[in-house]
Ligand code: FAD
């Protein structure tokens, strides 16, 4: 009897280990151990993958999660995981940031085969993202609280980037996404004939060069690799504002009662609090345009600082008109930057945080950074089709690759998730045989709505949000972009 129950017991232990894994590596390792123990080969098993796991792991803790995933998977748009599976669309996603992972999850629910590449094997960003009500609801529906008990408890509406990545990675693995870490996408490889005259479809070059995914053929590729998007063919629009220098700082949160009492500062309203900024300037010489403070795994601050005060406080050593030179490593005094961020944090929380010790970043250094926000980029288009030797490839961007957010306004991950869902919707239409120009016209029409979105001008009933854009946006018809207007987004390789 004992012998029989041992494997079940071990499976439960492995499952618990997976659910509570606190790093990317640990989550990947415990998941593969769990699959091995359950004698499941994730590459050939039924999709979504959690179903065969569920049959082998009938355990109360896991059952709560299966119930969540079953409920989500029952959304009619997924067509019981067959919306993208009849012609087996194979999708590659570049980047395991929040938006790449969210796209992977959505596509898997629709039955697509998804391969995700991430060039790192660590999730190390302490910085905290603001979540709109719909993103909180969305993540709860995916079981976020099962993986991260403190997820958006009470009135909390934020999460650190690394926790968000961890939650979504675990959901993605359970759905059957094939995740490869330490693999960097380099470039697309056009269809060709190999030396045996086999016709090959679209492939990619990756680093390390001989990694098996370089042999993979696919029909859809999604750029989710952040602001430095590596997929060619997308023109970038630049929004140049007046000089904007942002500072982010993370301090250790020891979760004491004194720390718990300190009030957060949520950005948008605070920007109009002119008296605070005047007093801050008079008392400390620090001159800010805005500041946001979230109490999360760390005490996280993001602020936009005026150049003159950074020069006066010795943070920037020498004034240059060129922003790159101005903020270059050699021109920034790191100790003065730490002191500046600490003083701003202390003043803005009314000196109530007992100790302001920096949390450490990925490099073991105090987690404070200064960024230039003067230029923000957005891609001119959201998608395109490439066609070579009879092989079509749908190419699309999501997240920061598509539309870069202004961090202090906290729009990044909400608009990122909207674009992830919109792209998944496009891939669904593509898989169901819609004409390329119609697919692209709809995608571009939705993309035009994205920069204007706020929680107030979206559909009110967030419980009904799904991959279908009409459940989320107010005005989706008639389409504002016609098929004739997107002809240039079909690249056949011929000279125009
Ligand atoms: P990202 O989160 O940038 O993820 C891109 C992923 O792609 C990364 O994991 C990267 O390693 C991977 N990648 C890149 N190139 C390749 C490649 N060639 N092959 C394989 N993988 C690749 N937003 C805020 O609101 N507040 C903040 O304080 C804040 N801080 C940030 C700090 C940093 C250092 C960065 C990079 C971003 C920050 N952001 C912040 C932006 C915020 O993280 C994004 O809006 C949000 O994470 C959505 O991003 P994403 O998934 O589109 O891309």
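The values are calculated or read from the model by the stated rules, or taken from the named source; none is laboratory data. Please read these numbers as outputs of a predicted model, since none were measured by experiment. Cβ coordinates were reconstructed from backbone atoms using ideal geometry, including for glycine residues, and neighbour counts include every protein chain displayed.
Residue pairs whose Cβ atoms lie under 6 Å apart, separated by 6 or more positions or on different chains, with the first residue in region 392-408 and more than 22 Å from residue 266 (Cβ to Cβ) and not assigned by TED's automatic domain parsing to the domain that holds residue 430 and the second part of a loop (DSSP other than H, G, I, E, B) and within 9 Å of the ligand (Cβ to nearest atom), do not occur. Here residue 291 passes the criteria (1) modelled with pLDDT under 95; (2) buried (at least 20 other Cβ atoms within 10 Å of the Cβ); (3) more than 24 Å from the chain's Cα centre (by Cα) except the one numbered (3). Only one entry of 175, 107 meets the criterion of being at pLDDT 95 or above and either over 30 Å from residue 210 (Cβ atoms) or within 16 Å of the ligand (Cβ to nearest atom) (or both), and that entry is 107. Of the residues in region 195-202, not one is surrounded by 16 or more Cβ atoms within 10 Å (Cβ to Cβ) and under 24 Å from the mean Cα position of the chain (by Cα). How many residues are over 19 Å from the mean Cα position of the chain (by Cα), away from the ligand (no atom under 12 Å from the Cβ) and either more than 14 Å from residue 450 (Cα to Cα) or crowded, with 16+ Cβ neighbours inside 10 Å (or both) if we restrict to region 364-380? Count: 6.
Every residue in region 136-156 that is within 21 Å of residue 24 (Cβ to Cβ) and surrounded by 15 or more Cβ atoms within 10 Å (Cβ to Cβ), please. Residues satisfying the conditions are 139, 142, 143, 144, 145, 146, 147, 148, 151. Tell me yes or no: at least one residue of region 392-408 is over 19 Å from the mean Cα position of the chain (by Cα) and surrounded by fewer than 20 Cβ atoms within 10 Å (Cβ to Cβ). For region 392-408, residues over 19 Å from the mean Cα position of the chain (by Cα) and surrounded by fewer than 20 Cβ atoms within 10 Å (Cβ to Cβ): present. Just checking, does region 306-318 include any residue being crowded, with 17+ Cβ neighbours inside 10 Å and under 25 Å from residue 166 (Cα atoms)? Within region 306-318 (the criterion being crowded, with 17+ Cβ neighbours inside 10 Å and under 25 Å from residue 166 (Cα atoms)), the answer is no, since none of the residues qualifies. Going residue by residue through region 183-191, is there one that turns out to be touching a helix residue (DSSP H, G or I) at 6+ places or on another chain (Cβ under 7 Å), in contact (Cβ under 8 Å) with a residue 24 or more places away in the chain and assigned by TED's automatic domain parsing to the domain that holds residue 104? Among the residues of region 183-191, at least one is touching a helix residue (DSSP H, G or I) at 6+ places or on another chain (Cβ under 7 Å), in contact (Cβ under 8 Å) with a residue 24 or more places away in the chain and assigned by TED's automatic domain parsing to the domain that holds residue 104, which makes the answer yes. Assess whether residue 209 counts as being within 12 Å of the ligand (Cβ to nearest atom), assigned by TED's automatic domain parsing to the domain that holds residue 108, surrounded by fewer than 18 Cβ atoms within 10 Å (Cβ to Cβ) and free of Cβ contacts under 8 Å to residues at least 60 places away in the same chain. Criteria not met by residue 209.
Here residue 238 meets each of (1) away from the ligand (no atom under 14 Å from the Cβ); (2) under 22 Å from the mean Cα position of the chain (by Cα); (3) not in a strand (DSSP E or B) with one exception, condition (3). Among the residues of region 322-349, those identified as touching a residue at least 60 places away in the same chain (Cβ under 8 Å) and outside any helix (DSSP H, G or I) are 327, 349. Counting only strands (runs of 3 or more DSSP E) that sit completely within region 372-440, those holding 1 or more residues that are touching a helix residue (DSSP H, G or I) at 6+ places or on another chain (Cβ under 6 Å) correspond to 383-388, 391-397. Taking residue 117 as the residue in question, decide whether it is under 16 Å from the mean Cα position of the chain (by Cα) and within 10 Å of the ligand (Cβ to nearest atom). When the stated conditions are applied, residue 117 passes them.
Among the numbered conditions (1) touching a strand residue (DSSP E or B) at 6+ places or on another chain (Cβ under 8 Å); (2) more than 19 Å from residue 231 (Cα to Cα); (3) in contact (Cβ under 8 Å) with a residue 40 or more places away in the chain, the only one that residue 382 does not meet is (2).
The listed residues are 184, 190, and the only one of them that is more than 15 Å from the ligand (Cβ to nearest atom) and either modelled with pLDDT of 95 or more or surrounded by fewer than 16 Cβ atoms within 10 Å (Cβ to Cβ) (or both) turns out to be 190.
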